[in-house]
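The values are calculated or read from the model by the stated rules, or taken from the named source; none is laboratory data. Not measured: the values here are computed from a predicted model. So basically every Cβ, Gly included, is an ideal-geometry build from the backbone, and we count neighbours across all protein chains shown. Side chains included, ligands, DNA and RNA excluded: accessible areas come from the protein's heavy atoms. Shrake-Rupley method; radii C 1.70, N 1.55, O 1.52, S 1.80 Å.
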Amino acid sequence: MPAPVERAAAASSPLIDPYGRAISYVRVSVTDRCDFRCVYCMAEHMTFLPRRDLLTLEELDRLCSAFVARGTKRLRITGGEPLVRHDVMRLFRSLSRHLVSGALEELTLTTNGSQLVRFARELADCGVRRINISLDTLDPDRFRALTRTGSHAEVMAGIDAALDAGLKVKLNAVALKGVNEDEFEALVRFAHARSMDMTFIEVMPLGELDGPDRLDQYLPMQAVRARLAQSFSLSDSAYRTGGPARYVTAAETGGRIGFITPLTHNFCESCNRVRVTCTGVLYMCLGQEDAADLREPLRANPGDGPLHAAITAAIARKPKGHDFVIDRATQNPAVSRHMSMTGG
Ligand code: SAM
Ligand code: SF4
């Protein structure tokens, strides 16, 4: 057991991994549940975790605050759908103290938008400035087919509510061959007309699903870019958000288009992030199985010393990069957990 002085030092020392990368970005999933069942993310009939397995809002606050004390500057709340977690605004309100103190630079979230009519204003009041909203299609019928349970009208109203509340919005669409590729241009025009960035994401081989085969749906970002280049004059942009997206600017709209290519290794070198699941499992890399349980040290101890020790030990194991492959022989995903476990 380290002496109290050593423990205090551990609790405030910045998190630097073995490759010299400072861990300054943490994504925390607050629930595995969702009101949608997007075909690329969830099976139609999901078994969700029992409530006792989830970190409580107080535990989530302690965990996030421990990372903030260790140099986390950006905190992204995700899920599942973070805004369906009961009383989640209590967590946002409490975490906003780190924005007020200046320890945290950004508190943000990724959402499907379904609850934003209710929560956009309150999120802005908590100091949230930028949010990501997932929107794969502008067509209500297609939206229903892709999300299985989602209401397009609700999400559209949610986007308006976020913009009205003064939030900066980035739209994310998963690029799916034969599903929404005919809408890429329309999505860009829709986003840029409202001063929103539009980002496209390659479909990732996460989790066993009962939906369509993702090998058939996989569309490389070069193909997305090539398709958009038929409608827009694209030029590379130096803009970065600290995330994995690479941006181009469309001359016709003046807006930005982002591309996220998780299947290639082009952002591992600068990876400054880790992810925590709603059960308190810390994943040091989205594409690797190695993980550390933070729930046990959180639950077993009212003080945060053991939690900090567990975080320190885990960051010391952060791998250099990941190895995503959709295995063409077995068609198995390289990583078997669902995206809704680790959060997008
Ligand atoms: N429910 C929220 C939402 O949809 O924005 C937050 C969680 S969701 C898991 C985060 C992001 O992951 C979404 O933009 C979603 O489209 C993306 N996503 C889910 N499964 C994916 C997959 N297999 N490949 C690529 N992106 C995926
Ligand atoms: Fe829910 Fe988001 Fe997954 Fe869709 S992508 S099922 S909205 S968690």
* To do: Can you confirm whether segment 263-278 contains a residue that is free of Cβ contacts under 8 Å to residues at least 40 places away in the same chain, outside any loop (DSSP other than H, G, I, E, B), within 23 Å of the chain's Cα centre (by Cα) and surrounded by 18 or more Cβ atoms within 10 Å (Cβ to Cβ)?
  => no
* Across segment 185-207, which residue is least open to solvent (accessible area, probe 1.4 Å) among those that are in contact with a Leu (Cβ under 7 Å, 6 or more places away or on another chain) and away from ligand 1 (no atom under 15 Å from the Cβ)? -> V188
* Does R62 meet the test of being under 22 Å from L298 (Cα atoms), charged (D, E, K, R) and within 16 Å of ligand 1 (Cβ to nearest atom)? -> no
* Do you know which of the residues in segment 215-237 that are in a loop (DSSP other than H, G, I, E, B) and in contact with a helix residue (DSSP H, G or I) (Cβ under 9 Å, 6 or more places away or on another chain) is surrounded by the fewest Cβ atoms within 10 Å (Cβ to Cβ)? -> Q230
* Structure fact -> Apart from one, (1) assigned to a loop (DSSP other than H, G, I, E, B); (2) small (G, A, S); (3) at pLDDT below 60; (4) surrounded by 19 or more Cβ atoms within 10 Å (Cβ to Cβ) all hold for G287; the odd one out is (3)
* Structure fact -> Filtering segment 125-170 down to residues that are touching a Ser or Thr at 6+ places or on another chain (Cβ under 7 Å) and of a type in the set (A, V, I, L, M, F, W, C) yields C126, V128, I131, I133, F143, L146, V155
* Asked: Just for segment 32-63: of the residues that are within 13 Å of ligand 2 (Cβ to nearest atom) and within 18 Å of R275 (Cα to Cα), which one is most open to solvent (accessible area, probe 1.4 Å)?
  -> R33
